[in-house]
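S.K.: Before we start, here is the structure in question, set down as structure tokens.
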Amino acid sequence: MRVEKFTHGGQIHRFNGKGPLLDFSANINPLGLSQKVEEAIREHLGEIAHYPEPYSETLRGVISSHYGVDGKSILVSNGAVESLYLLAQVKRPKNALITGPTFSEYEKSLSTLDCEIETLLLKEEDEFSLPVQDLYLGSPLQSSNGDECFFEPPPFWDKEIAYFCNPNNPVGKLVTTSEWKKILTEAEGYGTFLVIDESFLDFLPHGGEGYSALPLLKTGTKNLLVLRSLTKFFAYPGIRLGFSAAHPDVVSKMQQKVDCWNVNRLAQVAGVAGFLDKEYQDKTRTMLPIWQESMKGLLRNCNFVTFVEPTVNFILCKLRNGNITSSQLAEATAERGLLIRDASNFSGLDSHWFRLAIRTEEENKKAITILKEAWSSLGE
């Protein structure tokens, strides 16, 4: 069975009819779909005979209350990705900064524009952490005689827009709210618009309090857009649901570009039901650290991999042996019913990196057993 290189994980439908599969290529809540969400979908199934709310007004109100963001600053979208493409059409930047490795859709959303993209490659020796101080202080430079120290401007100083992911996918490194505040202040000084993708932040305790850039919108800034995906945390990626938050003027311009009824009725229902299910949210945040420790312990017993310390529901791994590639490993695991994410197509990662979702302890054990079998089959 050949595994093609896809831009994203979660391509489980391509393997229909090939037996049961463990999907560790997509980072979805290990609890699966909330029972209350499923019940709500069943209860409202008949409503697909009618048009959905044009702008998801009810869901927007629930999101506003949950995150403490003005409803006029919220755009509900058909997955967080839709907001990226809408923003690109509104801003139409001539140049942009993107970090690497990171989510590929930032660059793709700009592909239809005449936009020059610069990639800020993060360093493996720093575990791919964002150089936060360089973003608000600039990089220190010593003068030729060593007597004076100068600072280069931040890497976005000449960019119209800059994209960041927190926690960064596929790495998982975090930036705090106070750090974002400093970075935003610096960006405003250069006229740079910041996009901060927080698609996985809900998995953190208290929903990522202390790390989110959402509170910064209360300053009235027009240089910030925050992305949130709802489908990952609430485990319904097949219905596509997310939102973006920005100054009302920015949201209004994006709204003018959006298709009417861009979010289907069942997605709207599922979104509201998910936010109302506090028990599901609490259980997710209680169990995930336990499952993280489970996965780390299992991987430490795999002498052929190293990994970056996880913060949410995925973990970035690297093969120790340079003779075997992540693509070969992905093919071998797929043959045995396990899908993993070959990460070699992320900017800044070579052919030895792959990403695993973190799931329940039992599923983690099954996945690592298959991973070891696949590794052995490759002659190692």
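S.K.: Only bridges with both residues in the chain count here: give the DSSP antiparallel percent, nearest 5.
M.R.: Working: 23 of 43 bridges.
Beta bridges within the chain, antiparallel portion: roughly 55 percent.
S.K.: So, one more: I want to check the label-to-label distance for D249 and E47. Put each point 7 Å from Cα in the C-beta direction and report it in nm to one decimal.
M.R.: 3.5
S.K.: What pairs in K36/K372; K222/K318; K173/K218; K278/K372 have C-alpha atoms more than 30 Å from each other? Working shown, then result.
M.R.: On the way: K36/K372 37 Å; K222/K318 40 Å; K173/K218 25 Å; K278/K372 38 Å.
The answer is K36/K372; K222/K318; K278/K372.
S.K.: In debye, nearest 20: dipole of the chain around its Cα centre with unit charges on the Cβ of K, R (+) and D, E (-)? If you can, show how the numbers build up before the last one.
M.R.: Values: 39 positive and 48 negative charges, 175 e Å.
That gives the chain a dipole magnitude of about 840 debye.
S.K.: Using 0.36 nm per residue, how much length does the chain from E125 to E38 gain when fully extended, once their Cα-Cα distance is taken away? Don't skip to the end; give the middle numbers.
M.R.: Values: separation 87, 0.36 × 87 = 31.32 nm, distance 4.40 nm.
The E125-E38 span can extend by a further 26.9 nm.
S.K.: Ignoring everything except DSSP H segments at least 4 long, calculate the 222 nm mean residue ellipticity for the chain; use -39,500 (n - 2.57) per segment, divide by total residues, nearest 500.
M.R.: -10500 deg cm²/dmol
S.K.: By per-residue mean of other Cβ atoms within 10 Å, what is the highest-first order of 252-264, 174-186?
M.R.: On the way: 252-264: 15.7, 174-186: 18.0.
So the peptides 252-264, 174-186, ranked by packing, come out 174-186, 252-264.
S.K.: Past 27 Å, Cα to Cα: identify those pairs from K72/K181; K91/K182; K182/K296, in the order given. Show your work: numbers first, answer last.
M.R.: Numbers: K72/K181 22 Å; K91/K182 23 Å; K182/K296 33 Å.
In this structure, K182/K296 exceed 27 Å between Cα atoms.
S.K.: Just going by the charge dipole of the chain, with Lys and Arg at +1 and Asp and Glu at -1 on Cβ, which of A40, H66, T284 is farthest out on the positive end?
M.R.: A40
Any read-out appearing in this document is the output of simple, stated calculations on the displayed coordinates, not a laboratory observation. Everything numeric in this text was worked out from a predicted model, so none of it was measured. We place every Cβ from the backbone using ideal geometry, glycine too, and count neighbours over all the protein chains shown.
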